[in-house]
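Report on one structure; see the data block that follows.
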Amino acid sequence: MLTYLEFEKPIAALDQRIAELRDTATAGEIDIDAEVAKLEAKSAKLLKDTYAKLTPWQKTQVARHPERPHFKHYVAAITDDFMPLAGDRAFADDPAIIGGLARIEGHRVMLIGHEKGDDTASRLKHNFGMAKPEGYRKAIRLMQLADRFGLPVVSLVDTSGAFPGVQAEERGQAEAIARSTEQCLAMGVPMIAAVVGEGGSGGAVAIAAANRVLMFEHAVYSVISPEGCASILWRTADKAADAAEAMKVTAGDLLALGVVDRMVPEPLGGAHRAPAEAIGNLKAAIVEELDGLAKLSAAQILEQRRAKFLAIG
């Protein structure tokens, strides 16, 4: 059953009424088709109107929706085959970041991304997509491997940020993030990053300093979460909506600022309402970008990436 967000309560009420009417029709001989059709039209219009004017804070809630597609869903739908590669060859394997060799419409790539999990057990296993230093060092290893064998890198970003725990700091979290960002910028192969949900802080940038940065229509991308920003500026997380507005976290804002290069459309009501359509839109965008970047030499790829990030701001 679909999980409705706070601002979707009027839509939820209509959908519940539709379900009740259908149950009534199933139980008896009452013909309620006309009434159901009327309510469905009203619900569809309300959904369209609501999503046409989402605030940045509401988009943040959509980006965090528990039923949005996760890394494993993209792997299953986008790749023809996927060979996971684990471990950082120094400490451990971090399930918050998954990576491996894959084919996307004939393109051989190195695919890397955050995995949040989609139920309690998997969320705990993947630490809600919050990577530790070994996760970023694994990403570095895979990017170096891709560079050595001339494979484009595709990364899928979906994290609230890097893990802030004591153990992560003891193992060099900041250094690992910096080195991963450096590796993104140093590769002579094309890199495409896609922000598919939350793009939070250095935990996102570490695998998103790419030639082309794509972003789903209802994804968010920022240096800190709205709650974290509000806690710093106003000493209360209750101001998260104001922080989201000020931080320009949405795809439209970031496209205008030149932080991202392309906004990928989502189905009406968000990617969680029609995952297959959303994933198909992203796959088409990635393939198009791979085709375009394949024409560039290693020197051109490095220069294009350098120029892109120097131009921001």
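Could you tell me which residue of segment 152-173 is farthest from the chain's Cα centre (by Cα), considering only residues that are assigned to a strand (DSSP E or B) and within 30 Å of Lys295 (Cβ to Cβ)?
Of all residues in segment 152-173, those assigned to a strand (DSSP E or B) come to 153-159.
Remaining after also requiring within 30 Å of Lys295 (Cβ to Cβ): 153-158.
Working: Val153: 16, Val154: 13, Ser155: 10, Leu156: 6, Val157: 5, Asp158: 4 Å.
Here the residue is Val153.
Taking Ala206 as the residue in question, decide whether it is more than 16 Å from the chain's Cα centre (by Cα), more than 22 Å from His65 (Cβ to Cβ) and assigned by TED's automatic domain parsing to the domain that holds Ala139. Step through it out loud before you land on a result.
Working: more than 16 Å from the chain's Cα centre (by Cα): no; more than 22 Å from His65 (Cβ to Cβ): yes; assigned by TED's automatic domain parsing to the domain that holds Ala139: yes.
In short, no.
From the list Lys138, Lys132, which residue is in the same structural domain as Pro265 (by TED's automatic domain parsing), within 20 Å of Ser222 (Cα to Cα) and not acidic (Asp, Glu)? Spell out how you get there, then give the answer.
Values: Lys138 fails: within 20 Å of Ser222 (Cα to Cα).
Going through Lys138, Lys132 in turn, the sole match is Lys132.
Evaluate segment 78-94: report whether one residue or more is modelled with pLDDT of 95 or more, crowded, with 21+ Cβ neighbours inside 10 Å and more than 21 Å from Asp291 (Cα to Cα).
The answer is yes; a qualifying residue exists.
Take segment 148-169 and flag every residue that is among the hydrophobic types (A, V, I, L, M, F, W, C) and under 18 Å from Val260 (Cβ atoms). Walk me through it before giving the result.
Step one: filter segment 148-169 for residues among the hydrophobic types (A, V, I, L, M, F, W, C), giving 149, 151, 153-154, 156-157, 162-163, 166, 168.
Result: Val153, Val154, Leu156, Val157.
Can you confirm whether Ala176 is more than 10 Å from the chain's Cα centre (by Cα), part of a helix (DSSP H, G or I) and not hydroxyl-bearing (Ser, Thr, Tyr)? If you could, list the steps in order and put the result at the bottom.
Values: more than 10 Å from the chain's Cα centre (by Cα): yes; part of a helix (DSSP H, G or I): yes; not hydroxyl-bearing (Ser, Thr, Tyr): yes.
Answer is yes for this residue.
The values are calculated or read from the model by the stated rules, or taken from the named source; none is laboratory data. On a predicted model such as this, the values are computed, not experimentally measured, just so you know. Reconstructed Cβ throughout: ideal geometry from the backbone, glycine too, with neighbour counts over all protein chains shown.
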